[in-house]
């Protein structure tokens, strides 16, 4: 048994002091008053720092020069797993952007092979595209965007054997039989890179589409005579991800989304890495990434930095910002073992100080101290 004590415990929207968290076989077995706890050699003194649930990123493309989203290899998955644990992220969906059928199928095979022996924080795949709306393509290459067919989707899902956990599409361009097929799969179906009207969005958000990808980005702006997609999101209140870097979305708009969506708004990084091959040749530009033609592409965020930005610039309380980075993604995944620190949950933790410096990550029965 391992015990974590002398912390400010963040879970389910609250911050509590004076507790000891007892862990055995990778799960929380109890949370007791620190006054009733006696430290031993297996106890970890957190010295008054924050103890939060491990963070969960449902949209990230690569790390450390390995862009899984453009060149999906086993090595890229391994790089992401290693790097993200050092950032306090204990669960993520490796994301593939719009690309050729060959690349998508290569990503599916890489995930199937790697996850059999992975350390476990890679939770599966998120396919963002290629079934998007070219009018809202963003950094996705228009020549690779196309309409979905049940035949192609069935081939991918059969091959994936459950590895596809989330899919972003433009629902307004897809046939009813495609939406019906996707609704029957055990995945999160998310609307993104969409040019849907208010009426179209209301219709699909009431049926098979349960989430929205990177709110505000790659969708029509609100207008008082043509409300468009965003007001429908605020009315129907699906889960919606947001990139909280102040570049993809300015902070007043995050505050607005938080007021409207409350516990349905969650954080993603949408992070990429610099590459010079394939269709996504991201270039680092001060604190974000762009394509060679200057088009805004992915972020340079970590999940903990996104939490910090929400607290410091969007007036979101720390405990709630942690929910946005852990509890709400876990709920969208329907994984009750993650996103909270409570009896029966996985002992996936992030430890950080008042300056949002990550001090350590607890994952898979190990406590990894950050040496940086």
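None of the figures in this text is laboratory data; all of them are computed from the coordinates on show. Just so it is clear, the model here is predicted, and its values are computed rather than measured. A quick note on method: Cβ atoms are made from the backbone with ideal geometry, for glycine too, and the neighbour counts reach across all protein chains shown.
Taking the Cβ-Cβ separation of residue 281 and residue 101 as r and a Förster radius of 22 Å, what is the calculated FRET efficiency to the nearest 0.05? Could the numbers behind the result be given before it?
Details: r = 21 Å, r/R0 = 0.94.
The pair residue 281/residue 101 has a calculated efficiency of 0.60.
How high is the FRET efficiency between residue 29 and residue 73 when r is their beta carbon distance and R₀ equals 25 Å, given to the nearest 0.05?
Working: r = 38 Å, r/R0 = 1.52.
That pair, residue 29 with residue 73, gives E of 0.05.
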Of 211, 350, 159, the one that fluctuates the most in a GNM where the chain has Cα springs shorter than 10 Å | 159
What residues of region 219-237 lie in the reach of a label at residue 206, counting those whose backbone N is under 18 Å from a point 7 Å from the Cα along Cα→Cβ?
-> 227-237
Hey, for a label at residue 82 modelled as a point 7 Å past Cα toward Cβ, could you say which residues of region 270-305 have their backbone N under 13 Å away?
-> none
Using a 10 Å cut-off on Cβ atoms, rank the peptides 45-53, 297-305 from the highest mean neighbour count down.
-> 297-305, 45-53
Across 286, 236, 79, the residue with the highest GNM fluctuation in the chain (Cα network, 10 Å cutoff) is 286
Anyone know which of 360, 278, 26 comes out most mobile in the 10 Å Cα GNM of the chain?
-> 278
Spacing of the two label points (7 Å from each Cα toward its C-beta) at residue 149 and residue 295, in nm = 2.5 nm
One finds the C-alpha centres of region 157-220 and region 239-316 to be spaced, in Å, by 21 Å
How long is the gain from residue 342 to residue 247 if the chain were fully straight, where each residue apart is worth 0.36 nm and the alpha carbon distance is subtracted?
-> 30.7 nm
How high is the FRET efficiency between residue 315 and residue 357 when r is their beta carbon distance and R₀ equals 30 Å, given to the nearest 0.05?
-> 0.85
For the pair residue 224 and residue 38, the simple spin-label estimate (label points 7 Å beyond Cα toward Cβ) gives in nm 7.1 nm
